[in-house]
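Presented below is the structure to which this report refers.
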Amino acid sequence: MFFTFHNTVELLGIIAFAFSGALAAIQKKLDVFGILVLTFVTAIGGGTLRDMMIGSLPVSWMKDLETIITLIVCYLIALFFTKYIRKFHHTMFWLDTIGLAFFCVVAIAKAISFGLHPIVAVAIGTISGCFGGIIRDVLLNEIPYVFRKDVYASACISGGVMYFGLLKFITDENLVSIIAGFVIITIRASARYLNLHMPDIYKKG
């Protein structure tokens, strides 16, 4: 089923952002309650804003306990196994990138189901994908990735454009979501490893 697939994708995005928030909080040496708060707000921030914007109320994570239980499990894993998780190089980057891509494509699909214009759908997808990370970084007194030179929101926009382009040739919306999500991840990863950035308007001299 269409929504079953996208619910699964959203849950995976929630898990990725939950670990991202928890590990960021641990790096900043927050207490156990602070880590719990960062885990939750990072994971559900984008989905909550998305549902409020399109009028899908109550927001998705309030409709059952699955999301809350998942977040608690992620919190406990991050809390007790952080030394092992952080041994993986670039863990935070990949968690953030996966969460960004998954939330973006789910938001676009949901916006389409509400009959919104493609441009609006891409905008909602970009906002939803970025918002959890923005909350996390603001609470940790960091400048969010999306406001720096990192290729972040632009990757979502590119994936969103690809989403609607593919719909003209592929009728399977699940497959379209997979490809668009892969495009977002590829763009962000390529930019990271090729050291590509958004234009710098503050050049010296």
* Before we move on, is Pro144 surrounded by fewer than 19 Cβ atoms within 10 Å (Cβ to Cβ), touching a Cys at 6+ places or on another chain (Cβ under 8 Å) and either under 21 Å from Val9 (Cα atoms) or without any contact (Cβ under 8 Å) to a residue 60 or more places away in the chain (or both)? -> yes
* Out of all the residues in the range 144-159, is one or more modelled with pLDDT under 95, within 24 Å of Val59 (Cα to Cα), in a helix (DSSP H, G or I) and in contact with a Leu (Cβ under 8 Å, 6 or more places away or on another chain)? -> no
* Output yes when any residue across the range 85-103 is farther than 23 Å from Arg188 by Cα and not hydrophobic (A, V, I, L, M, F, W, C), and no when none is. => no
* **the range 175-195, subset among the polar types (S, T, N, Q) and within 18 Å of the chain's Cα centre (by Cα), residue surrounded by the most Cβ atoms within 10 Å (Cβ to Cβ)** => Ser177
* Asked: What do you reckon, is Gly115 in contact with a helix residue (DSSP H, G or I) (Cβ under 6 Å, 6 or more places away or on another chain) and without any contact (Cβ under 8 Å) to a residue 24 or more places away in the chain?
  -> no
* Structure fact -> Scanning the range 98-110 for residues that are closer than 17 Å to Ile44 by Cα and crowded, with 23+ Cβ neighbours inside 10 Å gives Gly99, Leu100, Ala101, Phe102, Phe103, Cys104, Val105, Val106, Ala107, Ile108, Lys110
* Asked: Within the range 38-87, restricting attention to residues that are in a loop (DSSP other than H, G, I, E, B) and small (Gly, Ala, Ser), which residue is surrounded by the fewest Cβ atoms within 10 Å (Cβ to Cβ)?
  -> Gly55
* Does Val105 satisfy the condition of being in contact (Cβ under 8 Å) with a residue 40 or more places away in the chain, of a type in the set (Val, Ile, Thr) and out of contact with any Lys or Arg (no Cβ under 7 Å at 6 or more places or on another chain)? -> yes
* Structure fact -> Residues in the range 160-185 that are over 18 Å from Leu116 (Cα atoms) and either touching a Phe, Trp or Tyr at 6+ places or on another chain (Cβ under 7 Å) or part of a loop (DSSP other than H, G, I, E, B) (or both) total 7
* Given (1) in a helix (DSSP H, G or I); (2) among the hydrophobic types (A, V, I, L, M, F, W, C); (3) modelled with pLDDT of 95 or more, number of the condition Trp94 does not satisfy -> (3)
* On the given criteria, is Cys74 more than 15 Å from the chain's Cα centre (by Cα) and either on the phi < 0 side of the Ramachandran plot or among the aliphatic types (A, V, I, L, M) (or both)? -> yes
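The values are calculated or read from the model by the stated rules, or taken from the named source; none is laboratory data. Because the structure is predicted, anything quoted here is derived from the model rather than measured. Ideal geometry is used to build each Cβ from the backbone, glycine not excepted, and the neighbour counts take in all protein chains shown.
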